[in-house]
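Following: one structure in structure tokens, then a few remarks.
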Amino acid sequence: MITCPWCGTAHLTFQSNCQNCGGPLPASDEKNASSSPGEALPTPPPAPRPIPNRYVWRLLSRDGGAIAAFVFGILGFIFSLVGAGLTIAIITAFLGIPFLLLGIAFLIAGIWVFIFRYQNAQKVVKVLQDGLASDGKIVSSEQNYHVRIRGRYPWVLRYQFQVEGQGYEGRVSVLNQPGEQYQVGKAAWILYLPDAPKWNSIYPHP
């Protein structure tokens, strides 16, 4: 069994890249190299990296904003159906019209926010696939108690890095408690789009 030094995914047989994060896997006789805490992380593989486009759905499944937008969309759809039904029954139109308007408002808001979060997630996937690498540092690791996802409070990791002397900051949200390699003060590889460094991510994505 070979464990990915980037994300910890276990693989029964050797392959050149991790199926989960796309990071390069060490040969069997090197599987413990650079994997213990305190050692330097392996350099990210050159672009394009084998991060599947469907990874966007994994990002959305941990995005509180996207989940809230989906819930609003469902509520909007239900309210719209109920409101339309009540409106068609003319006797209860005075109840149906407010339900219908509220449902349409929820539906539009939910769809708009979900599309926005989806486009952001696509950008992150693009960063993971084609971004340039820069060394950075984890500056904070805090649990977000304002959002619950699948019964858990997500963790928010914030990091800083520099591109041509300009400082940038980014953040990622993870469901599991960050491991040793993501503790405050730890060095981390950051990927960014060269034409827009504001789009960035830790590599591999936790």
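The condition of being within 24 Å of residue 187 (Cα to Cα) and either surrounded by fewer than 14 Cβ atoms within 10 Å (Cβ to Cβ) or in contact with a helix residue (DSSP H, G or I) (Cβ under 8 Å, 6 or more places away or on another chain) (or both) does not hold for residue 75. Restricting the stretch 191-206 to residues that are touching a strand residue (DSSP E or B) at 6+ places or on another chain (Cβ under 7 Å) and outside any strand (DSSP E or B), the residue that is nearest to residue 132 (Cα to Cα) is 194.
Each residue in the stretch 48-64 was checked for being surrounded by fewer than 16 Cβ atoms within 10 Å (Cβ to Cβ) and among the hydrophobic types (A, V, I, L, M, F, W, C), and 1 of them qualify.
When the residues of the stretch 187-203 are filtered to those that are out of contact with any helix residue (DSSP H, G or I) (no Cβ under 8 Å at 6 or more places or on another chain) and not aromatic (Phe, Trp, Tyr), the one that is nearest to residue 50 (Cα to Cα) is 190. Any chance the stretch 100-109 includes a residue that's within 17 Å of the chain's Cα centre (by Cα) and either surrounded by fewer than 17 Cβ atoms within 10 Å (Cβ to Cβ) or hydroxyl-bearing (Ser, Thr, Tyr) (or both)? No. Could you list all residues from the stretch 187-206 that are surrounded by fewer than 16 Cβ atoms within 10 Å (Cβ to Cβ), out of contact with any Lys or Arg (no Cβ under 9 Å at 6 or more places or on another chain) and touching a residue at least 60 places away in the same chain (Cβ under 8 Å)? Result: 194, single match. Within the span defined as the stretch 43-51, every residue fails to be farther than 30 Å from residue 97 by Cβ, among the basic types (Lys, Arg) and modelled with pLDDT under 85. Of all residues in the stretch 120-139, those that are under 16 Å from residue 160 (Cβ atoms) and assigned by TED's automatic domain parsing to the domain that holds residue 163 have Cβ atoms under 8 Å from Cβ atoms of residues that are hydroxyl-bearing (Ser, Thr, Tyr) and in a helix (DSSP H, G or I), 6 or more apart or on another chain, in 138/182.
The values are calculated or read from the model by the stated rules, or taken from the named source; none is laboratory data. Keep in mind that what you see is a predicted model, and the values were worked out from it rather than measured. Glycine also receives a Cβ, built like all others from the backbone with ideal geometry; neighbour counts cover every protein chain displayed.
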